[in-house]
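The structure appears right after this line, and notes come after that.
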Amino acid sequence: MKSTPLNTSELMEITQRLMTHGTVAFLEVMGKMYNLAMKFERELHLNAYSYERSEHRTGYTNGFKPKTLKTAAGMLKLKIPQVRGSEEPFYPSSLVRGIRSDRAFKMAIAEMYIKGVSTRRFRMFFMNFAVLM
């Protein structure tokens, strides 16, 4: 997968939401972060970015499926990325692991926000997070 410029609009929207509404918007922000992490994980699974034409691509994106995830912070409305044409089925590993990944995910988001992590480093974190899960 060759490197492409990061579309930072989603990350900027999430950051703005946290800055303007603080912890009140944390549940909404957490849902958006989960959705973003699952998109990154799908890119790794497909071996290609969204809309990228590549000979190394192992499948195709096929929209999203709604799911509600119960967490300690409340109910998250997620959009599970779907894949077609792949030899190996895709399901986000962050959802399979249950409560432990939920806690780790919240702690990682909070720590990055406090440290003021750049959007480039943020993307690298999620790519590594998806690989570890």
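The values are calculated or read from the model by the stated rules, or taken from the named source; none is laboratory data. This structure is a prediction, so every number in the text was calculated from the model and none was measured. Here the Cβ is made from the backbone with ideal geometry for all residues, glycine too, and neighbour counts use every protein chain on show.
Worth a mention:
- Filtered by the rule that a residue be within 17 Å of the chain's Cα centre (by Cα) and among the hydroxyl-bearing types (Ser, Thr, Tyr), the stretch 8-34 gives Thr8, Ser9, Thr15, Tyr34.
- Within the option set Ala48, Ala73, being touching a His at 6+ places or on another chain (Cβ under 9 Å) and aliphatic (A, V, I, L, M) holds for one residue only, Ala48.
- Per-region count, the stretch 69-78, residues in contact with a helix residue (DSSP H, G or I) (Cβ under 7 Å, 6 or more places away or on another chain), surrounded by fewer than 16 Cβ atoms within 10 Å (Cβ to Cβ) and not aliphatic (A, V, I, L, M): 2
- The lone exception for Asn35 - which of (1) at pLDDT 80 or above; (2) surrounded by fewer than 18 Cβ atoms within 10 Å (Cβ to Cβ) it fails: (2)
- Of all residues in the stretch 47-68 being touching a residue at least 24 places away in the same chain (Cβ under 8 Å) and either closer than 21 Å to Glu10 by Cα or hydroxyl-bearing (Ser, Thr, Tyr) (or both), the one that is surrounded by the most Cβ atoms within 10 Å (Cβ to Cβ): Ala48
- Any pair with Cβ under 7 angstrom, 6 or more apart, that starts in the stretch 23-38 at a residue that is free of Cβ contacts under 8 Å to residues at least 24 places away in the same chain and ends at one that is of a type in the set (A, V, I, L, M) and in a helix (DSSP H, G or I): Ala25/Leu18; Lys32/Ile14
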